[in-house]
1. Using unit Cβ charges (K, R positive; D, E negative) and no other charged atoms, how large, in debye to the nearest 20, is the dipole of the chain about its Cα centre?
2. With the other protein chains left in place, how much accessible area per residue, in square angstrom, belongs to the chain at a 1.4 angstrom probe?
3. In whole percent, how big is the carbon plus sulfur part of the accessible area of the chain, probe 1.4 Å, protein atoms only?
4. Putting +1 on Lys and Arg Cβ atoms and -1 on Asp and Glu Cβ atoms, find which of HIS82, LEU2, ILE49 reaches farthest to the positive end of the dipole of the chain.
5. Each residue of segment 86-100 in order: what ³J(HN,Hα) in whole Hz does its phi give by Karplus 6.51 cos²θ - 1.76 cosθ + 1.60, θ = phi - 60°, with x for Gly and Pro?
6. Starting at the first residue of segment 41-47, write each ³J(HN,Hα) from the Karplus equation 6.51 cos²θ - 1.76 cosθ + 1.60 with θ = phi - 60°, in whole Hz, x for Gly and Pro.
7. Taking the Cα centre of segment 60-144 as the origin, how large is its charge dipole in debye, to the nearest 20, when only Lys and Arg (+1) and Asp and Glu (-1) carry charge on their Cβ atoms?
8. 7 Å from Cα along Cα→Cβ at both LEU44 and LEU59: what's the point-to-point distance in nm?
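The values are calculated or read from the model by the stated rules, or taken from the named source; none is laboratory data. Remember, predicted model here, so these are calculated numbers, not experimental data. Cβ sites come from the backbone with ideal geometry, for glycine too, and all protein chains shown count toward neighbours. Note: areas computed on protein heavy atoms with side chains; ligands, DNA, RNA excluded. Shrake-Rupley method; radii C 1.70, N 1.55, O 1.52, S 1.80 Å.
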Amino acid sequence: RLEDYAKLSGFTRGVCDKLLPGPVTILLSKGPRIPKWYFPETDLIGIRIPYDEFTQDLLNAFRGPLVTTSANTSSCSICHAHEEVVESFRKSKEKPDLVLKGSLPKNSLASTVILPEKNRVRIVRPGPMTAKQLKSLLGVAIVE
C-alpha cells in the first residue's frame, strides 16, 4: 500500500492515481514504513512506479516496493547502461548491493520530479512529462 510509504491527502492520492505508473517521481511526505535514518535531512520520499514491463515484473516478484536510491549519484547525469551505474558509484563511499544488466536508449530522460502542494503541482526537475501534459492530466496549476 502506498500509504505505508508516503502520507497521502485526497489531492496527493489523486495525483498518484493519475500519474503512476508513468515517467514521474512524486515527492511526498514519508510514511510510517520509511525509517527515520533514510535520508534524515528531508521528510520527503520520491515515489516512482515506472511502466517498464521488466520493472513491473520485478516489483510483482518482490510483492511490494523497492526502497532504493537512484541508479546514479546525485552529481552524475542519468545512466543509460549498467556499466555507467557501476562507474557512477566507483568513487562513492556507498555502493549498490546489486546492479542488474541492461540499458536504456541514449535519448532517455530522467523522470519528471514533481511536488504536489495545496492543489497545485511544482516541477522540481523537468523530464519527459511536460508542464502542459501535467496540466492536462491533473487539471491544476503547474509551477515550473
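1. Details: 21 positive and 15 negative charges, 79 e Å.
That gives a dipole near 380 debye.
2. Values: 9850 Å² over 144 residues.
Computed with neighbouring chains in place, this is 68 Å² per residue.
3. Working: 5450 of 9850 Å².
C and S fraction of accessible area: 55 percent.
4. It is LEU2, whose Cα lies furthest towards the positive end.
5. For segment 86-100, the Karplus-derived couplings read 4, 5, 5, 9, 4, 9, 7, 5, 8, 10, x, 6, 8, 10, 7 Hz, x marking Gly and Pro.
6. 6, 9, 8, 9, 10, x, 9
7. Values: 13 positive and 7 negative charges, 47 e Å.
It comes to approximately 220 debye.
8. 2.0 nm
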